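The values are calculated or read from the model by the stated rules, or taken from the named source; none is laboratory data. Since the model is a prediction, treat every value here as computed from it, not as a measurement. Glycine gets a Cβ as well: all are built from the backbone with ideal geometry, and neighbour counts include every protein chain shown. Side chains are part of the model used for accessible areas, which takes the heavy atoms of the whole protein and leaves out ligands, DNA and RNA. Shrake-Rupley method; radii C 1.70, N 1.55, O 1.52, S 1.80 Å.
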Amino acid sequence: MVICKESWEEIELVTCRGVTKTTRYAWISSDPIKKTNIHARSNLIARKRWLQENTILKEKHQGYHYEHIFSHNWNAMKGYHYLMHIGRMLNEMVLHSVCLTEHAKKVGFRRLIEKFRKNMIYNSLDTKRIRKLMKSPGQLRLVQDDDWKIRPTAA
């Protein structure tokens, strides 16, 4: 078993003062934990799994109503799962990206999804353009939202 206690400083938005925050994580492993593998097991593996599980919990309990779908058709279950992730990705992008938020307000969310679907189906990737974009520094402008952790899905 590994227990990790962390503390860090954050600046409060209202008072502009530094506040010490702390948290504690605990992991149990059936394999022996040694000095040589503790970092990889706890920080590189366990935290990523925890992040994935929290993502699924958000989809289940914060407005997406994502539940296990039972079907005799494996492809149908996979399709449902992928569509849920695509829908959530679009929703998160619209909620947190200035350009997409403005575009969704202008054309509506249904039209945005329709455009996304058409682009996924009918357009092939422009690999030359993607390579060119990868060489230049990119910029992503995000929407500042103080209560992002507790706010249910809005779009």
Requested in this report: Select from segment 88-112 the residues that are without any contact (Cβ under 8 Å) to a residue 24 or more places away in the chain and either among the β-branched types (Val, Ile, Thr) or part of a helix (DSSP H, G or I) (or both) and list them in ascending order.
Outcome: 89, 92, 93, 100, 102, 103, 105, 106, 107, 110, 111, 112
Query raised in the report: Counting just the residues of segment 21-36 that are without any contact (Cβ under 8 Å) to a residue 12 or more places away in the chain and among the hydroxyl-bearing types (Ser, Thr, Tyr), which one comes out nearest to residue 5 (Cα to Cα)?
Result: 36
Report task. Look at residue 78 and say whether it is open to solvent by 80 Å² or more (accessible area, probe 1.4 Å) and basic (Lys, Arg). Result -> no
Query - Flag for residue 47 being open to solvent by 50 Å² or more (accessible area, probe 1.4 Å) and closer than 30 Å to residue 4 by Cβ - result: yes
Query - Answer from 53, 9 - the residue that is over 26 Å from residue 138 (Cβ atoms), among the acidic types (Asp, Glu) and either at pLDDT 85 or above or part of a loop (DSSP other than H, G, I, E, B) (or both) - result: 9
Query raised in the report: Across segment 112-129, which residue is farthest from residue 91 (Cα to Cα) among those that are hydrophobic (A, V, I, L, M, F, W, C) and surrounded by 10 or more Cβ atoms within 10 Å (Cβ to Cβ)?
Result: 116
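Do we have any residue at all in segment 72-88 that's modelled with pLDDT of 80 or more and among the β-branched types (Val, Ile, Thr)?
There is at least one residue in segment 72-88 that is modelled with pLDDT of 80 or more and among the β-branched types (Val, Ile, Thr).
So, residue 39, is that one assigned to a helix (DSSP H, G or I) and free of Cβ contacts under 8 Å to residues at least 24 places away in the same chain or not?
yes
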Query raised in the report: Can you find a residue in segment 136-149 that is at pLDDT 80 or above, in a helix (DSSP H, G or I) and at negative phi?
Result: no
Query raised in the report: Taking into account only those residues within segment 17-35 that are among the charged types (D, E, K, R) and assigned to a strand (DSSP E or B), which is most open to solvent (accessible area, probe 1.4 Å)?
Result: 24
